[in-house]
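So the structure is just underneath, and the comments pick up after that.
The values are calculated or read from the model by the stated rules, or taken from the named source; none is laboratory data. In this text the structure is predicted, and so the values were computed from the model without any measurement. When we count neighbours, we look across all protein chains shown, and the Cβ atoms used for this are built from the backbone with ideal geometry, even at glycine. Note: areas computed on protein heavy atoms with side chains; ligands, DNA, RNA excluded. Shrake-Rupley method; radii C 1.70, N 1.55, O 1.52, S 1.80 Å.
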Amino acid sequence: MALSRVQQQQQQQKQPDPDCNYNITQIIQSKGYPCEEHKVTTKDGYILGVFRIPHGRKSTKPGRPVLLQHGLLDSATTWVMNFPDQSLGYILADAGYDVWLGNMRGNYYSRAHTKYDPNHDEEFWDFSWDDMARDDLPSMIYYILNVTKNTQIGYVGHSQGTMIAFAEFGHPDSVLQNNVSFYGALAPVAHVGHIKSPIRYLSSATITKDIEIFWHLLFGRNEFLPSSYITKWLGTFACGEVIIDRVVCDNIFFLLFGPEKKNLNETRMPVYVSHEPDGTSVKNMIQFAQGVQTNQFQAYDYGSPEKNQLHYNQTTPPPYSIRPMKVPTAIFSGGEDWLADPDDMNYIFDNIQSLVFKKYIPDYNHVDFVWALSANKLIYVDLLNVMQKYHPAN
């Protein structure tokens, strides 16, 4: 018997979105774009998966390169998770750019090393965002410039992707920033002392002295994999009394960055939760927790003057500075952001010398900058206009 149209629609709705099970290459190709996979090896042996959309659907020739860098617990998939007219990766490719999508060490696409096995070797997970800024970011940028034979690149970071850029471009003797002609900062992060994320409940004053021990006891020493008990405990703070999808409140990514989803496409929620979180180290999470406690933009604190002396040749972690950065920078921030809080944003605005554009969206939270239905109109139009000025596509 033939199915009625209503029954057919019901059956289709039960079918999972194929993007839930696709990897990043399959997602990109399914939307009609070319995709290349590249492997970038850092000086300390991490093998990073970097993906390239060399051109848009109406072109065959690559323009100038742009590197998009994801945030904490995320991956390059974040830039292509929505449809072509909504996702920044596709929008830039169609605007004539050669789009490169980076992945930080330890995430789903960068779980490889020349010497260590992430499944067996604790040494693999001995990293924080300090290492991403010092090694991963320059390795990817120099690799891309070498492949494309360009001298400069455009850079767009979200969340942690902005933190590592501020840290690396802001070095007084930074050579790398000469190779970056434009920097777009979405939901930028440096100071994190005022965050609303439940990370703050794992960074409270009562555990200040032994934060490293506390986190290692809870989460171990390797990959950050919170138990369902901890996820539920954090969920009581994150979700509270708000009526919200259970699936969102069971996902550590949404618990840490804000379960509010009024700006998202609800039908894409299964796709988001099937790709998030994408992995990082416990040590990296500890460095974020340290930042909540100290409200300083500084390197990893090894917990004692003696240990810091061993690592840094000084008894305290060295601070990072944004002030020396010369790269023309556009900043986009939100009023409902749990990780890039407006109070913490003041530190960035007070110190940045190279700001060429800024925009504030009052009702945007942390993930809205990459996934919101309105991001193409509220963020990407302005981002593209400013980028074309400092780093034109051709």
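Using the Cα centre of the chain as origin and beta-carbon charges of +1 (Lys, Arg) and -1 (Asp, Glu), tell me which of 325, 170, 101 is placed farthest towards the positive end of the dipole. The residue sitting farthest along the positive end of the dipole is 101. Per-residue ellipticity at 222 nm, computed for the chain from helices alone with -39500 (n - 2.57) per DSSP H run of at least four residues, works out to -9000 deg cm²/dmol. Label points 7 Å out from Cα along the Cβ direction at residue 236 and residue 59: separation in nm? For residue 236 paired with residue 59, the spin-label model returns 5.3 nm. One entry in (i) 76, 49, 44; (ii) 72, 49, 39; (iii) 55, 54, 39 is Cα extents along the principal axes in Å calculated from the shown coordinates; its label is (i).
Taking the accessible area of the chain, probe 1.4 Å, and keeping the other protein chains in place, the carbon and sulfur fraction comes to 52%. Magnitude of the charge dipole for the chain, about its Cα centre and with charges confined to Cβ atoms of Lys, Arg (+1) and Asp, Glu (-1), is about 1100 debye.
In Å², what does the accessible area per residue of the chain work out to with a 1.4 Å probe? Write out the running numbers ahead of the final one.
Working: 16660 Å² over 394 residues.
Computed with neighbouring chains in place, this is 42 Å² per residue.
Karplus-based coupling profile of the range 313-320, in residue order and whole Hz: 6, 7, 7, 10, x, x, x, 9, with θ = phi - 60° in 6.51 cos²θ - 1.76 cosθ + 1.60 and x standing for Gly or Pro.
Rounded to the nearest 0.05, the FRET efficiency derived from the C-beta distance between residue 262 and residue 36 at R0 = 41 Å is 0.70.
Centre-to-centre, using Cα atoms only, the range 139-170 and the range 76-111 are separated by 14 Å.
Comparing mean-square fluctuations of 284, 107, 23 from a GNM of the chain with C-alpha springs under 10 Å, the top value falls on 23.
Cβ neighbours within 10 Å, averaged per peptide: list 378-389, 361-372, 169-180 in order, most packed at the top. Kindly include the intermediate steps, with their values, before the conclusion.
Working: 378-389: 18.3, 361-372: 23.8, 169-180: 16.2.
Going from most to least packed, we get 361-372, 378-389, 169-180.
Note on the chain: GNM, Cα springs under 10 Å; of 42, 267, 280, the largest mean-square fluctuation is that of 267.
Toward the positive end of the charge dipole of the chain, with +1 on the Cβ of Lys and Arg and -1 on the Cβ of Asp and Glu, the farthest Cα among 371, 193, 235 is that of 371. Each residue, residue 313 and residue 358, gets one label point 7 Å from its Cα in the Cβ direction; the gap between the two is 3.5 nm.
What's the extension gain from residue 306 to residue 23 if we count 0.36 nm per residue and subtract their Cα-Cα distance? Present the calculation step by step, with values, prior to reporting the outcome.
Numbers: separation 283, 0.36 × 283 = 101.88 nm, distance 4.45 nm.
Going from the current span to full extension adds 97.4 nm.
Subtracting the Cα-Cα distance of residue 44 and residue 394 from their residue separation scaled by 0.36 nm leaves 122.6 nm.
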